[in-house]
Amino acid sequence: MIYITGDTHGEFRRIEGFCRRFETCKKDVMIILGDVGANYTGGSQDISKKEYLESLPITIFAIHGNHEQRPQAVEGYTEKIWHGGAVYWEEEYPSLLFAKDGEVFDLEGKQTIVMGGAYSVDKMYRLMYGYGWWPDEQPSEEIKRFVESQLDKLEWKVDVVLSHTAPLKYEPVEVFLAGVDQKKVDKSTEKWLDGIEDKLDYKKWYCGHYHTEKKIDRVEIMFENYDMFCG
């Protein structure tokens with residue numbers, strides 16, 4: 001079975017509880033829609049989190065968020081093909097897989113494209129206090145071109161989209177932090193996704209990032225809720 005949920009930010013007890021409740025096994029997959037929190041410190045804390053995830057009776061398939069390093073920038077990750085698309089993985093943690101942006105995966109017969117990354121509204125806070133922040137948190141122009149070339153091959157038709165942030169038109173503005181000046185927030189990724197969404201023939205679009213749970217048309221924003229993939 002394939003399940004899906006939102007950001008975890010290095011806290012995996014709810015994933016463990018889910019596995020226990022539904023008696024999952026390594027053949028089952030949990031999609032996490034970014035900000036897993038397993039590639040954050042680059043040190044022993046990350047190792048502990050990865051060991052914990054690997055011990056769970058489920059396979060983690062994660063997309064890139066904005067509160068974590070890109071796996072390709074972390075020593076020890078290599079690429080392999082999984083369900084038809086490229087993922088980053090480490091030999092010590094074979095059940096912890098990170099999708100490469102723009103790759104298309106066959107998940108239960110559904111063509112699924114991945115578009116990770118987002119802008120961090122807490123960027124200055126993290127820099128001020130020495131927390132992790134990475135300038136490549138948003139998709140680069142190269143990544144965007146790759147995504148669009150993949151969609152060209154598919155004639156702009158897929159079953160499912162997995163992204164971290166949402167297309168601009170679907171942003172849940174009602175949950176925006178009151179102290180953040182939205183005029184200073186870089187919306188370039190959301191605007192790009194807006195253009196993708198306008199043109200794309202798709203059935204379902206999942207995203208995380210906003211720490212809320214909301215459905216708008218075919219778009220679903222997830223956080224601590226769970227669903228069957230395309231359920």
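The values are calculated or read from the model by the stated rules, or taken from the named source; none is laboratory data. Just so we're clear, the structure is a prediction, and the values are computed from it rather than from any experiment. Methodologically, a virtual Cβ is constructed for each residue, glycine included, from the backbone with ideal geometry; neighbour enumeration extends over all protein chains shown. The accessibility values were calculated without ligands, DNA or RNA, using every heavy atom of the protein model including side chains. Shrake-Rupley method; radii C 1.70, N 1.55, O 1.52, S 1.80 Å.
A few remarks follow.
- Here Y40 meets the list (1) farther than 19 Å from G102 by Cα; (2) touching a helix residue (DSSP H, G or I) at 6+ places or on another chain (Cβ under 8 Å); (3) open to solvent by less than 50 Å² (accessible area, probe 1.4 Å) almost entirely, failing just condition (3).
- In the set V104, V87, only one residue is of a type in the set (V, I, T), under 24 Å from H209 (Cβ atoms) and free of Cβ contacts under 8 Å to residues at least 40 places away in the same chain; that residue is V87.
- Selected residue (criterion: surrounded by the most Cβ atoms within 10 Å (Cβ to Cβ)) from residues of the stretch 103-119 that are of a type in the set (D, E) and within 17 Å of the chain's Cα centre (by Cα): E103
- Subset of the stretch 4-35 that is touching a residue at least 40 places away in the same chain (Cβ under 8 Å), assigned to a loop (DSSP other than H, G, I, E, B) and crowded, with 21+ Cβ neighbours inside 10 Å - its residue that is farthest from the chain's Cα centre (by Cα): F12
- Just one of the numbered conditions (1) at pLDDT below 95; (2) under 30 Å from K157 (Cα atoms); (3) open to solvent by less than 10 Å² (accessible area, probe 1.4 Å) is not true of Q72: (3).
- Some residue of the stretch 45-57 being outside any helix (DSSP H, G or I) and open to solvent by 40 Å² or more (accessible area, probe 1.4 Å): yes
- Filtered by the rule that a residue be of a type in the set (V, I, T) and either closer than 25 Å to W205 by Cβ or buried (at least 22 other Cβ atoms within 10 Å of the Cβ) (or both), the stretch 75-102 gives I81, V87.
- Answer from D122, D152, D136 - the residue that is surrounded by fewer than 18 Cβ atoms within 10 Å (Cβ to Cβ), free of Cβ contacts under 8 Å to residues at least 60 places away in the same chain, of a type in the set (D, E) and closer than 30 Å to D201 by Cα: D152
- Any hit, the stretch 170-177, residues being among the hydroxyl-bearing types (S, T, Y), in a helix (DSSP H, G or I), touching a strand residue (DSSP E or B) at 6+ places or on another chain (Cβ under 6 Å) and at negative phi: yes
- Test: residue in the stretch 182-191 that is within 21 Å of I32 (Cβ to Cβ) and of a type outside the set (D, E): yes
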